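Trainee: Sharing a structure below in structure tokens format, with a few things to ask.
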Ligand SMILES: [Zn+2]
Ligand SMILES: [Zn+2]
């Protein structure tokens, strides 16, 4: 049996290819893919801007939702027909970062959609190692596959959120209103923030307001800083940089309140630098953190948030393409045609 898959043959060479349907060996699980949402990182992988951990010949796609199609010998507690997704981080469990509880920063990590075949295919194999590490996450309730696929970006936001911990009644500013920024807006609301300021392009402000932003701003520079200070009542308890613009590194400090937490959540262009005013961190006693990838526990919590309906972000998926139109799907992401683009196997 063969299937369609979006295979990354090389830089700028992603194409629909017939490949064999994987057969689950002992300890393995085969998922029938029901949706795979595409993120900016996928574009960076295709264009060659991101090469670390990327294996030529890999099936792309790291935001996927599927249904258990077959289980290998010895797999217990996984029923055929159940909806599922995966933590995409396969960590080694033995390196210093794993032992220190930072499995998502594992020194030997391998990622689905980078090295391990991902979700832009009709089927996805969850390898034995990933099964043994508990990477498979079953959905406790049925939900829209395109929403379940968002468990991956949501889990990354939860990992970031662990660093800045929004408390009820706090003021949060999210710089950037791409899908990640919008997820941070929704999570800030869920965490009890009462002032949530979203900053981004004019076309993205309505979605931010719909997901819980109390203020939506499209200005820039000093004017923006003044407007944020106004909207937050003197500064944000939490400032999240959700777009990889180095100029925002200092602006996030400028809009933070005394004792505030600033998080550089977005990845910035490789090698980029930023000028910041360190005295802001010094005098305001700010905490500056980062965030990359997610732990298995974050993925479980993301699935729980999505399937319970507590986090309703399905509206982020604005475009759907069949797998056979993978080129059009990638182009739609590149042209920022909508918020989130989903690929659904035919
Ligand atoms: Zn992603
Ligand atoms: Zn490790």
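Trainee: Pairs under 6 Å by beta carbon, first residue under 18 Å from residue 131 (Cβ atoms) and modelled with pLDDT of 95 or more in region 93-106, partner within 16 Å of ligand 1 (Cβ to nearest atom) and outside any helix (DSSP H, G or I), six or more apart or different chains?
Mentor: Here the result reads 103/295, each pair linking region 93-106 to a residue that is within 16 Å of ligand 1 (Cβ to nearest atom) and outside any helix (DSSP H, G or I).
Trainee: Please specify each residue of region 84-139 satisfying the condition of being assigned to a helix (DSSP H, G or I) and more than 9 Å from ligand 2 (Cβ to nearest atom).
Mentor: 104, 128, 129, 130, 131, 132
Trainee: In this structure, is residue 243 in a strand (DSSP E or B), modelled with pLDDT of 95 or more and more than 16 Å from ligand 2 (Cβ to nearest atom)?
Mentor: Criteria not met by residue 243.
Trainee: So which residues in region 239-261 are farther than 16 Å from residue 177 by Cβ, in contact (Cβ under 8 Å) with a residue 60 or more places away in the chain and within 24 Å of the chain's Cα centre (by Cα), if there are any at all?
Mentor: 261
Trainee: Follow-up question, since we're still on this one. Look at residue 299 and say whether it is surrounded by 13 or more Cβ atoms within 10 Å (Cβ to Cβ), outside any loop (DSSP other than H, G, I, E, B), in contact with a helix residue (DSSP H, G or I) (Cβ under 8 Å, 6 or more places away or on another chain) and in contact (Cβ under 8 Å) with a residue 60 or more places away in the chain.
Mentor: Taking the combined requirement at face value, the residue satisfies it.
For every residue, the table says whether it meets (1) over 30 Å from residue 260 (Cα atoms); (2) surrounded by fewer than 22 Cβ atoms within 10 Å (Cβ to Cβ); (3) out of contact with any strand residue (DSSP E or B) (no Cβ under 6 Å at 6 or more places or on another chain).
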| site | (1), (2), (3) |
| --- | --- |
| 122 | yes, yes, no |
| 130 | yes, no, no |
| 134 | yes, yes, yes |
| 147 | yes, no, yes |
| 156 | no, no, yes |
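Trainee: What number of residues within region 140-161 satisfy the criterion of being part of a helix (DSSP H, G or I) and more than 18 Å from residue 174 (Cβ to Cβ)?
Mentor: Summing the residues that are part of a helix (DSSP H, G or I) and more than 18 Å from residue 174 (Cβ to Cβ) in region 140-161 gives 6.
Trainee: Can I ask one more? Tally time: how many residues in region 152-168 are free of Cβ contacts under 8 Å to residues at least 60 places away in the same chain and either assigned by TED's automatic domain parsing to the domain that holds residue 39 or within 14 Å of ligand 1 (Cβ to nearest atom) (or both)?
Mentor: Qualifying residue count, region 152-168: 0.
Trainee: Condition first: touching a helix residue (DSSP H, G or I) at 6+ places or on another chain (Cβ under 6 Å), surrounded by fewer than 19 Cβ atoms within 10 Å (Cβ to Cβ) and in a strand (DSSP E or B). Can you find one or more residues in region 17-40 that meet it?
Mentor: No.
Trainee: Keeping to region 275-293, report how many residues are surrounded by fewer than 16 Cβ atoms within 10 Å (Cβ to Cβ), assigned to a loop (DSSP other than H, G, I, E, B) and under 26 Å from the mean Cα position of the chain (by Cα).
Mentor: Total meeting the criteria: 2.
Trainee: Six or more apart or on different chains, Cβ atoms under 7 Å: show the pairs whose first residue is in region 27-41 and closer than 16 Å to residue 154 by Cβ and whose second is away from ligand 1 (no atom under 16 Å from the Cβ).
Mentor: If the second residue must be away from ligand 1 (no atom under 16 Å from the Cβ), the pairs left are 35/145; 35/344.
Trainee: Any idea which of (1) at pLDDT 95 or above; (2) over 22 Å from the mean Cα position of the chain (by Cα); (3) outside any strand (DSSP E or B) is the one residue 346 doesn't satisfy?
Mentor: Residue 346 satisfies every listed condition except (1).
Trainee: Sticking with this structure for a sec: Identify, by number, the condition in (1) more than 22 Å from residue 142 (Cα to Cα); (2) surrounded by 17 or more Cβ atoms within 10 Å (Cβ to Cβ); (3) away from ligand 1 (no atom under 16 Å from the Cβ) that residue 74 doesn't meet.
Mentor: (2)
The values are calculated or read from the model by the stated rules, or taken from the named source; none is laboratory data. Only a predicted model underlies this, so the values are computations on that prediction, with no experimental measurement involved. Backbone-built Cβ (ideal geometry, glycine too); neighbour counts: all protein chains shown.
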